[in-house]
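Following: one structure in structure tokens, then a few remarks.
The values are calculated or read from the model by the stated rules, or taken from the named source; none is laboratory data. Please read all numbers here as calculations on a predicted model, not as lab measurements. A quick note on method: Cβ atoms are made from the backbone with ideal geometry, for glycine too, and the neighbour counts reach across all protein chains shown. Surface areas here come from the heavy atoms of the whole protein model, side chains and all, with no ligands, DNA or RNA. Shrake-Rupley method; radii C 1.70, N 1.55, O 1.52, S 1.80 Å.
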Amino acid sequence: MGPPGPPPGDRRTFEAANIQVLRVHDGLIVESRDHHDHLALIVGGDGRSELVTALDGKQRA
């Protein structure tokens with residue numbers, strides 16, 4: 001099974017909020033963290049059914 005979301009070549013677009021937090025010391029990046037709106041990425045990538053299936057399985061365990 002391939003990755004969730006639209007097939008390659010699908011030209012749909014969507015927007016999601018993301019932020020990168022960098023810590024710089026002496027002009028060099030010493031730490032980097034990325035924060036994403038994961039739910040928006042799942043919905044935008046058409047992965048809702050996979051998310052529901054995964055969450056349903058965890059609730060039954």
Check your understanding: Tally Lys and Arg at +1 and Asp and Glu at -1 over the other residues with C-beta under 15 Å from the C-beta of GLU50: what net charge comes out?
Key -> 0
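So how do VAL24, VAL43 rank on accessible area, 1.4 Å probe, biggest first, that is with the largest at the start?
Working: VAL24 90, VAL43 60 Å².
If we order VAL24, VAL43 from most to least accessible, we get VAL24, VAL43.
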